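Reviewing the structure listed below.
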Amino acid sequence: MRRVLGSWSGAGLAKSTFWVAVGQVARAGLQAVYFVLIARSLGAGEFGAYVGVLALVAIAAPFASLGSGSLIVKHVSRDHASFPRHWGKALATTLLTGGVLLLLVTAGARLWLPATVPLLLVVLIGSADLLFVRLVDVSAMAYQAHHRMGRTALLQLLLSPLRVAAALVLLAATTSPTLVQWGVVYLGGAVIGSIIAVVLVIRELGRPVLHAADLTAEVGEGTLFAATLAAQTTTNDIDKALLARLSSLHATGVYGAAYRLVDIAFLPVGAVLTATYPRFFARGVDGVRATAHYARRLLAVATCYGLAAGLALYLLAPLAPLVLGDEYPETVAAVRWLAVLPLLKVIHYFGADALTGAGFQGIRTALLVGVAGINVLLNLWLIPLYSWRGAATASILSDGLFGVAIWSALWYLGRSNPGTHRAETAAAKVG
């Protein structure tokens, strides 16, 4: 165990987190620029249609790679020699499964979304997020498994400058871009980014090797990883898809803009989560107490950030309409409603990774699926009554409930495995 963690000292974690944080900060800035450009260009109504399509596709997107990226991190972080086969499996799975999902989402979109939303927009965004963005994701996780966080950060950042550049070209070419034209920009950035990412991994880490039997190997565990991401995405995005259907596109645009600001505020925590994810697997060989102990250490600092981010969102919310345009006055109230989310997400994300690292992915998935189901029911009840305020209430309740459920599970599993106390002490010494 000491050999595995030897290079993962506090200095190593700080360096990894630094590189990921630099990438996340740059990504946050570029995402903010892209978000402002498209929100101002489309106005609240059409931006709501754009957000609705993104949310619908996002719910299916985690299944496009069937958890193959997480399987790369799990296996390769322990044995680098296994990379070619897991890399080959990830590429093939993403292309095959993503293609099937694209057909299903396109067919279902006509039944779910308002008729005013162009079906071609669904095809463009679906192609981007179900195929090409997923290729970038698994490429980033390939570097993450090798603990090369500089490259991981680069690939996580890659799509943002490409989209901003394409957006600027589009706005220079036409004063009033349509929804479909914005969809072309979104897809174009994803295609170019995926080519760069895959070529870079092949050149620096190795060529993929694919055996037919690998496509069906660990399907169950990979599906658990995918289901976890899908349930998390459902909890995060089903409110926007349901707003588009049960309320109005204008309300969807207002709420989607506010939620995007919350997502940007959470990105620094995402940097820490990315840097520490492989470490949870390494500590997981010593049991759930070791991973829970590691999560608590990280949580002590991350909670302070969650509180500070929430306070900043609440205080700075009146600036949102000045940046987004005159059609977004309600965004001030929406941001303030959602300001507690960074803290709630901090609490449950680190605990959830502790469960995954200790081999309890099934429990994490079950808890998250249960919370996602409750979230859907809350949205179905509250959105028709209170529009975006109902969606915000459902999000707050769901994230809070998931945090309680995760840490309750860790407490119970820790008490059920008393033999891991010595492992926890060892992890503290080397971490």
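We did not get these values from a lab; they are worked out from the coordinates using the rules stated. Just so we're clear, the structure is a prediction, and the values are computed from it rather than from any experiment. Cβ: placed from backbone, ideal geometry, glycine included. Neighbour counts: every protein chain shown.
What do you get for Rg/Rh over the stretch 191-327 if you use C-alpha atoms and the Kirkwood form of Rh?
Values: Rg = 20.3 Å, Rh = 19.3 Å.
Radius of gyration relative to Kirkwood radius: 1.05.
Could you work out the helix-only [θ] at 222 nm for the chain, with each DSSP H run of four or more residues adding -39,500 (n - 2.57) and the total divided by the number of residues, to the nearest 500 deg cm²/dmol? Mind dumping the intermediate values first?
Working: 17 runs with 355 residues, N = 431.
Helix-only estimate at 222 nm: -28500 deg cm²/dmol.
Starting from the exponent 0.38 and prefactor 2.2 Å, build the expected Rg for the stretch 30-163 from its residue count and divide its actual Cα Rg by it. All intermediate terms of the calculation are to be shown ahead of the outcome.
Details: Rg = 16.7 Å, N = 134, 2.2 N^0.38 = 14.1 Å.
My calculation over the Cα atoms of the stretch 30-163 gives 1.18.
Three principal axis extents, largest first, for the C-alpha atoms of the stretch 169-258, in Å?
Largest to smallest, the principal-axis extents are 48, 35, 21 Å.
Which FRET efficiency value, to the nearest 0.05, is calculated for LEU168 and VAL404 with the Förster distance at 41 angstrom and r the Cβ-Cβ distance? Please list the in-between numbers first.
Values: r = 45 Å, r/R0 = 1.09.
E between LEU168 and VAL404, to the nearest 0.05, is 0.40.
What is the spin-label model distance, in nm, from LEU111 to LEU397 if the labels are put 7 Å beyond Cα along the C-beta direction?
So the two model labels end up 2.7 nm from each other.
Taking the alpha-carbon centroid of each part, what is the distance from the stretch 388-408 to the stretch 221-256 in angstrom?
What the calculation gives is 14 Å, centre to centre.
Please report, in whole Å, how far the alpha carbons of the stretch 90-136 spread along each principal axis, starting with the longest.
Over the stretch 90-136, Cα extents along the principal axes are 36, 16, 11 Å.
In a Gaussian network model over the chain where Cα atoms closer than 10 Å are linked, find which of ILE396, ILE72, ILE195 has the largest mean-square fluctuation.
Its mean-square fluctuation being the largest, the pick is ILE195.
What net charge is computed for the residues neighbouring ALA227, neighbours being all others with C-beta under 12 Å from the C-beta of ALA227, Lys and Arg scored +1, Asp and Glu -1?
Numbers: positive: ARG364; negative: GLU221.
Around ALA227, the surrounding residues sum to 0.
Report the calculated FRET efficiency for LEU95 and VAL180 (r = Cβ-Cβ distance, R0 = 30 Å), to the nearest 0.05. Walk me through the numbers before you get to the answer.
Numbers: r = 25 Å, r/R0 = 0.82.
My answer for the efficiency is 0.75.
Report the semi-axes of the equivalent ellipsoid for the stretch 141-193 in whole Å, largest first, where each axis is √(5λ) for an eigenvalue λ of the Cα gyration tensor. Spell out each step's value before the answer.
Numbers: eigenvalues 179, 19, 7 Å².
In descending order the semi-axes read 30, 10, 6 Å.
What does the extension gain come out to for VAL33 and SER82, with contour length at 0.36 nm per residue minus their alpha carbon separation? Mind dumping the intermediate values first?
Details: separation 49, 0.36 × 49 = 17.64 nm, distance 3.96 nm.
My answer for the length gained is 13.7 nm.
Just tell me, in residue order, which DSSP H segments of the chain are both 20 angstrom or longer along the helix axis (alpha-carbon based) and at least 0.0 in mean Kyte-Doolittle hydropathy. Intermediate results must be reported in sequence, preceding the final value.
On the way: long enough: 10-60 (48 Å, 1.24); 83-112 (41 Å, 0.83); 149-173 (37 Å, 1.57); 179-204 (38 Å, 1.78); 219-246 (35 Å, 0.40); 249-284 (47 Å, 0.74); 288-316 (39 Å, 1.00); 341-357 (24 Å, 0.90); 361-386 (36 Å, 1.37); 388-416 (42 Å, 0.63).
The answer, listed by residue number, is 10-60, 83-112, 149-173, 179-204, 219-246, 249-284, 288-316, 341-357, 361-386, 388-416.
Could you count how many Lys pairs in the chain have their Cα atoms under 27 Å apart, skipping same-chain pairs fewer than 8 positions apart?
Working: LYS15/LYS74; LYS15/LYS345; LYS15/LYS429; LYS74/LYS89; LYS74/LYS345; LYS74/LYS429; LYS240/LYS345.
Lysine pairs satisfying the spacing and distance rule in the chain number 7.
Springs between alpha-carbon atoms under 10 Å, Gaussian network over the chain: tell me which of LEU382, LEU344, LEU168 tops the mean-square fluctuations.
Judging by the Gaussian network model, the answer is LEU168.
If you average the sequence gap of Cα pairs under 8 Å that are 6 or more apart and divide by the length of the stretch 2-430, what percent do you get for the contact order? All intermediate terms of the calculation are to be shown ahead of the outcome.
Numbers: 675 pairs, mean separation 98.8, N = 429.
Relative contact order comes out at 23 percent.
What is the order of ILE347, ILE406, ILE202, fewest Cβ neighbours within 10 Å to most? Intermediate results must be reported in sequence, preceding the final value.
Details: ILE347 21, ILE406 25, ILE202 15.
Result, fewest neighbours first: ILE202, ILE347, ILE406.
Suppose R0 equals 30 Å; then what is the FRET efficiency for VAL25 and ILE195 from their Cβ-Cβ distance, rounded to the nearest 0.05? Mind dumping the intermediate values first?
Numbers: r = 25 Å, r/R0 = 0.84.
For R0 = 30 Å, the calculated efficiency reads 0.75.
Compute the normalised compactness of the chain: alpha-carbon radius of gyration over 2.2 N^0.38 Å, N being the residue count. Present the calculation step by step, with values, prior to reporting the outcome.
Details: Rg = 20.9 Å, N = 431, 2.2 N^0.38 = 22.1 Å.
For the chain, the normalised Cα radius of gyration is 0.95.
Taking neighbour counts of Cβ atoms within 10 Å as a proxy for exposure, in what order, fewest first, do ASP399, ASP137 appear? Don't skip to the end; give the middle numbers.
Values: ASP399 22, ASP137 25.
Ascending number of Cβ neighbours within 10 Å: ASP399, ASP137.
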